[in-house]
1. How many residues are at pLDDT 80 or above and small (Gly, Ala, Ser) if we restrict to the range B:167-188?
2. Taking the stated definitions as given, is B:Asn280 of a type in the set (S, T, N, Q), away from every other protein chain (no Cβ under 14 Å), without any contact (Cβ under 8 Å) to a residue 40 or more places away in the chain and more than 30 Å from B:Val85 (Cβ to Cβ)?
3. Collect the residues in the range B:1-13 that are in contact with a helix residue (DSSP H, G or I) (Cβ under 9 Å, 6 or more places away or on another chain) and assigned to a helix (DSSP H, G or I), keeping them in residue-number order.
4. Restricting the range B:127-160 to residues that are under 16 Å from B:Leu300 (Cβ atoms) and of a type in the set (Gly, Ala, Ser), which is surrounded by the fewest Cβ atoms within 10 Å (Cβ to Cβ)?
5. What residue, among those in the range B:189-214 that are farther than 27 Å from A:Lys60 by Cα and either out of contact with any Lys or Arg (no Cβ under 7 Å at 6 or more places or on another chain) or away from chain A (no Cβ under 14 Å) (or both), is modelled with the lowest pLDDT?
6. It is to be established whether one or more residues within the range B:174-186 are at the interface with chain A (Cβ under 9 Å from one of its Cβ atoms) and either farther than 30 Å from B:Ile13 by Cβ or crowded, with 18+ Cβ neighbours inside 10 Å (or both).
7. Hand me the list of helices (runs of 4 or more DSSP H) wholly inside the range A:1-77 holding 1 or more residues that are farther than 24 Å from B:Lys273 by Cα, away from chain B (no Cβ under 14 Å) and of a type outside the set (Ser, Thr, Tyr).
Amino acid sequence: MHLSIEDVKDRIVEVMIRELELTLNPEEVHGTSRLDDLFGMDSIAITELIIGIEKEFTIKIPAEDLSVEIFQDLETLTEYVKKRLHGKTTGSIEGQDKTQC
Amino acid sequence: MTTSNRFFSIRDIGIFFYLVPFRMAASVLPIGAIRFFGLLMGHVYSALAYRRKRRIQQRLRTALGNSTTNDEIMELSRMCLLNAVACHVDALILNRIGTQALLANGKVSGLEHFKNALLKGKGVLLVTGHFTGLKIACRFLHESGYPHFGIVKRHADDPGASWLENRYLSSYWSKVIDQKGRVPVFVEDKDLGLRIMKRLRENGIVIISLDVPFSQHLLTRPFLGYEQAFPVGFLRIVYSTGAAVVPMVGIGNSSAFTICFEEAVNLREAARKDEFVAKNIDILVRILESQILKDPAHWLLI
């Protein structure tokens, strides 16, 4: 199934709201520039987001990709997930089978 | 951060003495001489720190109940203070002692439990308390090729400490001590969650000190006769990732120590995250309590 970048973003926002138990509507999450703003002081919340995204898109995020650059905002995260999804269908993402989840 | 009314305290002089002249002297003096000096300082401290000794005695009475005599309580409180000083002195010795020489002085038990937990491939959270041999246990893991990190606070945040200690001395302390075998990750770091996740994904180890409330997620539980807040953020990670939780205790110093890995905790399942955290923190607090009651003089936070 081919997902557009907007579809991926919408689904990530849904995961955020569900997993982080946010009391925001999707539009408010879309409008957030940095993910830190959503988590506040809760640095552990990102681990729940990672697991939620993996379940939602049936992908694995390998250890080497768990970086601040990817998780800095909704755009970078969406781009990354889109890339992983593309890699899943073409099998082109290096390191995909190296994860130990 | 908690602010103290005092800019400076007498304790700051002691910390400065330990971190600068004593640490420098300890880098060149024979190890036997450092130990002797540490023992001497321990006896002096034990004789002078009567207020702290009284607090320890009160806590021991509450924790141990009527099964322990007054003489035993007095002796235990003296040992607690001696061990507290010896532990700081030993931290300096640890930076000088070679791996083979260190490992020859200790006993490690239950390593198979730890290895079995690693076989699951989801990372291991080693849950422990501030026991005298914690630094040695970290060093053992480091030298044995198990990548790990511990989570600490950048500033002491101790209401009893001066502003100077909270702001500068404690961070300088964590910079200059623990050079080998312990890479601290700070609870204040925004990427803490990512770093924990990354380490677990690499099937690595994260050390959790259960006896300090270094977390944004805390739950209060009865503990040794008092109510205490415990960090529970790591249990949320366990719920999501399925990482194993292995209790560990390190007792002693570099001249004689034991490190014990217990069987991985059989965590109780729950449909909801909050329920999982609440059920399992109870199990872990009881484990920590039993470890402390077994060796109360070796628990540094009494």
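1. Of the residues in that region, 1 qualify.
2. Values: of a type in the set (S, T, N, Q): yes; away from every other protein chain (no Cβ under 14 Å): yes; without any contact (Cβ under 8 Å) to a residue 40 or more places away in the chain: no; more than 30 Å from B:Val85 (Cβ to Cβ): yes.
Considered against the rule, which asks whether it is of a type in the set (S, T, N, Q), away from every other protein chain (no Cβ under 14 Å), without any contact (Cβ under 8 Å) to a residue 40 or more places away in the chain and more than 30 Å from B:Val85 (Cβ to Cβ), B:Asn280 comes out as no.
3. Pass one, the range B:1-13, residues in contact with a helix residue (DSSP H, G or I) (Cβ under 9 Å, 6 or more places away or on another chain): B:1-9, B:11-12.
Once the filter is applied, which keeps residues that are in contact with a helix residue (DSSP H, G or I) (Cβ under 9 Å, 6 or more places away or on another chain) and assigned to a helix (DSSP H, G or I), the range B:1-13 yields B:Arg11, B:Asp12.
4. B:Gly160
5. First pass over the range B:189-214, keeping only residues farther than 27 Å from A:Lys60 by Cα: B:209-214.
Cutting the leftovers down to either out of contact with any Lys or Arg (no Cβ under 7 Å at 6 or more places or on another chain) or away from chain A (no Cβ under 14 Å) (or both) gives us B:209-213.
Numbers: B:Ser209: 91, B:Leu210: 93, B:Asp211: 91, B:Val212: 86, B:Pro213: 82.
Filtering the range B:189-214 for residues that are farther than 27 Å from A:Lys60 by Cα and either out of contact with any Lys or Arg (no Cβ under 7 Å at 6 or more places or on another chain) or away from chain A (no Cβ under 14 Å) (or both), the one modelled with the lowest pLDDT comes out as B:Pro213.
6. The first filter runs over the range B:174-186 and keeps only residues at the interface with chain A (Cβ under 9 Å from one of its Cβ atoms), leaving none.
So far as the range B:174-186 goes, no, none of its residues is at the interface with chain A (Cβ under 9 Å from one of its Cβ atoms) and either farther than 30 Å from B:Ile13 by Cβ or crowded, with 18+ Cβ neighbours inside 10 Å (or both).
7. On the way: elements: A:5-19, A:26-30, A:35-39, A:45-57.
Hits in the range A:1-77: A:5-19, A:26-30.
The values are calculated or read from the model by the stated rules, or taken from the named source; none is laboratory data. In this text, all values refer to a predicted model and were calculated from it rather than measured experimentally. Heads up, the Cβs are rebuilt from the backbone with ideal geometry, glycines too, and the neighbour counts pull from every protein chain shown.
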